[in-house]
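**Student:** Got a structure here, written out as structure tokens. Questions coming.
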Amino acid sequence: MKIPYEYAVIQAVPRIERGELINVGVVLYCQRQDFLDARTHLDPDRLRALDPAADVPAIGAALAAWGRTCAGGGPSAGMKLGERFRWLVAPRSTILRAGPVHMGLAEDPAAELERLADLLVR
């Protein structure tokens, strides 16, 4: 049986004034299965094509924090999964941000996250 889920693409925008971005991950939330996780992939060459001075290690570290937040690390420790997802996808003006939230149906949220990461990021 397919169940609903929500997801957003994680985007890197190294020079906000130019508005150029690359997809660097996907975060997926499935309330029915108490599932929240992110898959990320940062391609340094693609990032530097947008901004040769981009601090790749710092951006990579910030990207890793998305996974820790999904797992309940740091300030998100006391939040429910849905609250964490909403916090991650809330609009922000930083180098990393979430695109629009989309909905879908899948039997296995973890497998769907991998499929979306392959399709949209890797």
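**Student:** Give me 79, 1, 103 ranked fewest to most by other Cβ atoms within 10 Å of their Cβ, as a rough exposure proxy.
**Tutor:** If I rank by nearby Cβ atoms, fewest first, I get 1, 103, 79.
**Student:** For the pair residue 102/residue 48, report the inter-label distance in nm, with labels modelled 7 Å from Cα in the Cβ direction.
**Tutor:** If labels sit at residue 102 and residue 48, their model points lie 3.0 nm apart.
**Student:** Further question on the same structure: For the chain, what is the calculated [θ] at 222 nm in deg cm²/dmol (nearest 500), taking -39500 (n - 2.57) for each run of four or more DSSP H residues and dividing by its residue count?
**Tutor:** Values: 4 runs with 43 residues, N = 122.
Helices in the chain give a 222 nm mean residue ellipticity of -10500 deg cm²/dmol.
**Student:** Order by neighbour count: 101, 13, 26, fewest other Cβ atoms within 10 Å first, most last. Write out the running numbers ahead of the final one.
**Tutor:** Numbers: 101 14, 13 19, 26 29.
Least to most surrounded, the residues fall as 101, 13, 26.
**Student:** Follow-up. For the stretch 98-122 and the stretch 1-75, what is the separation of their C-alpha centers, rounded to whole Å?
**Tutor:** Centre-to-centre distance over Cα atoms comes out at 12 Å.
**Student:** Find how much the distance from residue 17 to residue 115 grows on full extension, using 0.36 nm per residue of separation minus their present alpha carbon separation; answer in nm with one decimal.
**Tutor:** Working: separation 98, 0.36 × 98 = 35.28 nm, distance 3.16 nm.
Full-extension gain reported as 32.1 nm.
**Student:** Of (1) 14.3, 47; (2) 24.2, 93; (3) 15.2, 50, which is the value of Rg and Dmax of the Cα atoms in Å derived from the coordinates here?
**Tutor:** Recomputing Rg and Dmax of the Cα atoms in Å here picks out (1).
No value in this document is a laboratory result; all are computed from the given coordinates. This one's a predicted model, so the numbers in the text were calculated from it and none came from an experiment. Backbone-built Cβ (ideal geometry, glycine too); neighbour counts: all protein chains shown.
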